[in-house]
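Have a look at the structure below, then the notes.
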Amino acid sequence: MRELYTMRFTALRLIRAWVVLLLLFVVPFVLVTLLSIIMGDAEEGGLLLRNEINVMMVLAFQLFGGSVAMNYIHQDFFTERRYRIQSLPMNTTLYGFTTMLIGTLYSIILGALLAGYTVLVWNVDWGNIAWSIFIIALMATLSSIVCLIFTFSVKKFNIAERLSEVYGVGAILIAGLIFPMPDHAVINWVNEYINPIMLAYEAIDAYRNANVGDAWMNAGLLGGLIVITFVIMLLLGRRRMP
Amino acid sequence: MTIAAMQGIVKRYGNELALDYVDLSIHEGEIIGLLGPNGAGKTTLIHTLLGMIPFDKGSIQLFGRTEKVFSHENKQKMGLVTQELTVFEDLTAKENLEFFAGVYGLKGEERKKRVEEALAFVGLSSNAGKTPAKFSGGMKRRLNIACALTHHPKFLIMDEPTVGIDPQSRNHILETVEKLREQGTTILYTTHYMEEVQTIASRVVIVDQGQIITEGTVNELIANIQHEEKINIDVSTPGDVPVERLKGLEGVKNVHVDGSTVQIISTVGSGNLDRVLSLVKETSGVVGIQAEKPDLEDVFLTLTGKQLRDGEEE
């Protein structure tokens, strides 16, 4: 499979893109470290604040992981390079999927490394770390799909980039992580059933509190969002991909 | 043997006709110089030939196949050098070539050998471990070419491979094309540089406004306009040149003002030099006059009524 052969090179391109590493690893690493120092062992309502903040921080940066796949798909399929890619004797759709897969995997690995760092250095309680990484993987996948939907939906890539930022910042904002949101039915409904960062947090928190049913329900909602957005991405992609 | 053939190809972008019933045959071992100003339809023609954009009418044949023309099997025999640089900036020159060689199905030692061979072919062996970001414009262009060579294509399409580079790098690229010809590669070479076509092409195809307006060897094309003569008159006030009145003179086929030079193409023996000079003298002040033998540029001017560089700023 010639498409699989290209994965090594996509990974090399990613590893060398230091801006991606800065955005998805260095910045959250520094923030996690600073906030952990500031929080110390402070508690609120019997909960260790460091636990909550660090879990949210790692999850929040997963919202932006989709920018990796988005950038590479744009470069390879929506710039002059598309002609070279199209001239090659391989299935370009499959090549697009492998690019997306590598971008998503990279985001998951960076998220897992961050989670590992918070556990080892700051003793953050993630409950079951394997489950948490699974939830991080769901978030990274959703983020990649959503960002690709933006890429396929608009003609100008910089608009797609802005939309992906709105997706990330919007989710954080609605979750009330920047400032408290009003107790409104619509906002509460969005946070309970749609907002990926809240779904991911609830899934991890429920597992941590041995509430496996709730954990699976939230993971299932994330999975449902992935399925719906994946179908939308496929439909838009078939229309826009060369 | 015919490598590629386009028959009656029509391509529209909305109401705009990008390719207007194009017929083109490319035979084994040829270097076809596809010549035309920017916007003439050269790149559209190439992309249509490669199956990258759908066409509205006509048929394409590649390597004798009329069905599944753009199959992987046919793509395997072709190479494309894109007009823009399409190498991967984050990969080294060697890795770039390994990527393309691998996609073309080369494996193990064979792949390694071909990559080294391609690097040497374009003179980049000593820079194999560097990323294109550290390359000059000419080196990037050469890498862009090498990416299409590792699999030894039978048919290579080069879309303006020398745009925006220094004369030394251009010569290097033209030498590379010559070497490919010696190896028997069939090449479709598009450019708007007349001198490149005169140097390398075994056959020239002139395109303008989506149409093939003529084709033949350089000598054949020039011979076709041997019945014409070209007079260049240097004037002091080019803005005042009475172009329309000059065009109205008997025997005058075309008048073109380029800077302070008025170029007049007229039928041989029309005997209108006196009349031309009188008219120009009246309005613009003659500074100098010279007659030239026609070249490929004149062929283009005669057939299209404009100079090849006219379209560059489009």
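Throughout, read-outs are computed from the coordinates displayed, never taken from laboratory work. Nothing here was measured: the structure is a model prediction, and the numbers come from that model. Cβ placement follows ideal geometry from the backbone for every residue including glycine, while neighbour counts extend to all protein chains displayed.
Key figures for this structure:
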quantity	calculated
Net lengthening on full extension, B:Asn15/B:Val243 (0.36 nm per residue, minus Cα-Cα)	78.9 nm
C-alpha long axis of helix A:129-153 to longest principal axis of chain A, angle in °	40 degrees
Gaussian network model of chain A, Cα within-10 Å springs - most flexible of A:Ile108, A:Ile136, A:Ile15	A:Ile15
13 Å reach of a label modelled at B:Val163, 7 Å along Cα-to-Cβ, counting backbone N of the range B:55-96	B:81-86
At most 10 other Cβ within 10 Å, DSSP loop - GluC sites (Glu not before Pro), the range B:198-278	B:Glu250
Exposure rule at most 15 other beta-carbon atoms within 10 Å, DSSP loop trypsin sites (Lys or Arg not before Pro): chain A longest free segment	A:1-154
Taking chain B and dividing mean pair separation by its residue count, relative contact order in percent (alpha carbons under 8 Å, at least six apart)	20 percent
Candidates B:Met194, B:Met78, B:Met52: whichever shows maximal mean-square fluctuation once chain B is modelled as a Gaussian network with Cα springs under 10 Å	B:Met52
Antiparallel bridges, percent of DSSP beta bridges restricted to the protein assembly as shown (to nearest 5)	70 percent
Cα-Cα separations in the range A:2-240 greater than 21 Å, expressed as whole percent	58 percent
Cα centroid separation - the range A:138-187 against the range B:1-55, whole Å	44 Å
Ascending count of other beta-carbon atoms within 10 Å, so fewest first, for B:Leu188, A:Leu4, B:Leu249, B:Leu45	A:Leu4, B:Leu249, B:Leu188, B:Leu45
Distance (nanometres) between label positions extended 7 Å along Cα→Cβ at B:Leu277 and B:Glu110	7.0 nm
Loop-located GluC sites (Glu not before Pro) in the range B:24-93, at most 15 other Cβ atoms within 10 Å (DSSP)	B:Glu28, B:Glu67, B:Glu84, B:Glu89
Loop-located chymotrypsin sites (Phe, Trp or Tyr not before Pro) in the range A:160-242, at most 14 other Cβ atoms within 10 Å (DSSP)	none
Whether chain B is rounded, prolate or oblate, judged on the alpha carbon gyration tensor where a/c under 1.5 counts as rounded	prolate
Choice from B:Leu106, B:Leu35, B:Leu221 showing the highest fluctuation, given a GNM over chain B with Cα pairs closer than 10 Å	B:Leu106
Whole-number percent relative contact order across chain A, with pairs defined as alpha carbons under 8 Å at least 6 apart	23 percent
The range A:170-209 - percent relative contact order, Cα under 8 Å, separation 6 or more	35 percent
Chain B, helix-only ellipticity at 222 nm - DSSP H runs n ≥ 4, -39,500 (n - 2.57), divided by all residues, nearest 500	-9500 deg cm²/dmol
Alpha carbon Rg of the protein assembly as shown, scaled by the compact-globule rule 2.2 N^0.38 Å	1.28
